[in-house]
1. So which residues in segment A:164-190 are within 17 Å of B:Arg57 (Cα to Cα), in a helix (DSSP H, G or I) and within 9 Å of chain B (Cβ to nearest Cβ)?
2. I'm checking my understanding of the structure. Among residues of segment B:16-36 that are among the charged types (D, E, K, R) and within 22 Å of B:Gln50 (Cβ to Cβ), which one is nearest to the chain's Cα centre (by Cα)?
3. Would you confirm, using the coordinates I've provided, whether B:Pro59 is more than 10 Å from chain A (Cβ to nearest Cβ) and either out of contact with any Ser or Thr (no Cβ under 6 Å at 6 or more places or on another chain) or among the aromatic types (Phe, Trp, Tyr) (or both)?
4. So, B:Arg68, is that one of a type outside the set (Gly, Ala, Ser), assigned to a loop (DSSP other than H, G, I, E, B) and either more than 9 Å from chain A (Cβ to nearest Cβ) or surrounded by 14 or more Cβ atoms within 10 Å (Cβ to Cβ) (or both) or not?
5. Please work out which one of (1) more than 9 Å from chain A (Cβ to nearest Cβ); (2) at pLDDT below 95 is the condition B:Met31 fails and give its number.
Amino acid sequence: MSANPEAARLAALQAGDAAAFEALVAEQHAGLLRLARLFLTDERLAEEAVQETWLAAVRGLERFEGRSSLKTWLVSILMNRARTIGKREARYLTIDFESEDFDDGPTVEPTRFYGREEEWDGYWREYPAAWPNQPEAEALSGELLALIEASIRRLPARQRAVILLRDMQHWGAEEVCNALDVSETNQRVLLHRARAAVRQALESYFEEQP
Amino acid sequence: MTMEAIRCRDFVERVTEYMEEAQPPEGRAAMEAHLAECEACTRYLAQMGQTVAWVGRLPLPKVEVAAREALARRLRGR
């Protein structure tokens, strides 16, 4: 009946189609868990947040009108669950959703550029060091993956959510704006800050390598 | 025609706008003009691209199929 696969899928889910539900769980569960783990350091709580997300989704499906996609809807639910669980078990929450604001300082240390009073004001003092070649096909070392993950974990919450959805889950900018309820510009600022911080962590890591 | 000249300090803050193609044409042209003459910023841009590519290769958590199916069954039972 519907030419829109998302609408057809939603109709199947709302009609209680078991296979459709299993497929949705199979497709989204690991991604939701990865997101939950970035907000709640306790594995048990992260799993609880995802389970509750699925329960809330089952309850809410009937009333879900498909104005956003299913996956952005699921992530919005998860963010709310993580927030609620975090209120109860604050020591496991890696962020304070309420107080966090946008940091607007430079993403590259200002001393890396010549200063205002110098002839080359605003240009690099030294080039950023070249990175060692990492063949595309080769798996990244466990050490490098752990470093990237740790640097993402240190980011403020919204930056962390944005880089996770954009660069790990490969969502589009608009989907992220919808799921996190941020403007297009803010989404981009958050993404920029997040990526710049991870790049800096990589640079520092490569500098320490022999 | 005069074009706004970009310095490295500003370039690095606009890299994501550039990668997202979220700039007006004049802004993009100014970025490209800077890139054409600045090897350091060209490298910075490439490293941001590399960063994105690597973040994209972080593995998803492993979820046991049995656990996932049990969850789906439990949810359906409600």
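1. A:Leu164, A:Arg166, A:Asp167, A:Met168
2. The first filter runs over segment B:16-36 and keeps only residues among the charged types (D, E, K, R), leaving B:17, B:20-21, B:26, B:28, B:32.
If we keep only those that are within 22 Å of B:Gln50 (Cβ to Cβ) as well, we get B:17, B:20-21, B:28, B:32.
Working: B:Glu17: 9, B:Glu20: 7, B:Glu21: 11, B:Arg28: 16, B:Glu32: 17 Å.
Only one residue tops the list, namely B:Glu20.
3. It is false that B:Pro59 is more than 10 Å from chain A (Cβ to nearest Cβ) and either out of contact with any Ser or Thr (no Cβ under 6 Å at 6 or more places or on another chain) or among the aromatic types (Phe, Trp, Tyr) (or both).
4. Working: of a type outside the set (Gly, Ala, Ser): yes; assigned to a loop (DSSP other than H, G, I, E, B): no; either more than 9 Å from chain A (Cβ to nearest Cβ) or surrounded by 14 or more Cβ atoms within 10 Å (Cβ to Cβ) (or both): yes.
Answer is no for this residue.
5. With (1) more than 9 Å from chain A (Cβ to nearest Cβ); (2) at pLDDT below 95 applied to B:Met31, the lone miss is (2).
Residues are listed down the side, and each one gets a yes or a no for (1) more than 20 Å from A:Val189 (Cα to Cα); (2) surrounded by fewer than 17 Cβ atoms within 10 Å (Cβ to Cβ); (3) at pLDDT 90 or above:
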position	(1), (2), (3)
A:Arg67	yes, yes, no
A:Ile77	yes, no, yes
A:Arg91	yes, yes, no
A:Thr94	yes, no, no
A:Gly105	no, yes, no
A:Glu109	no, yes, yes
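The values are calculated or read from the model by the stated rules, or taken from the named source; none is laboratory data. All figures in this text were calculated on a predicted structure; none of them were measured in a lab. For neighbour counting, all protein chains shown are included, and Cβ atoms are generated from backbone atoms with ideal geometry for every residue, glycine included.
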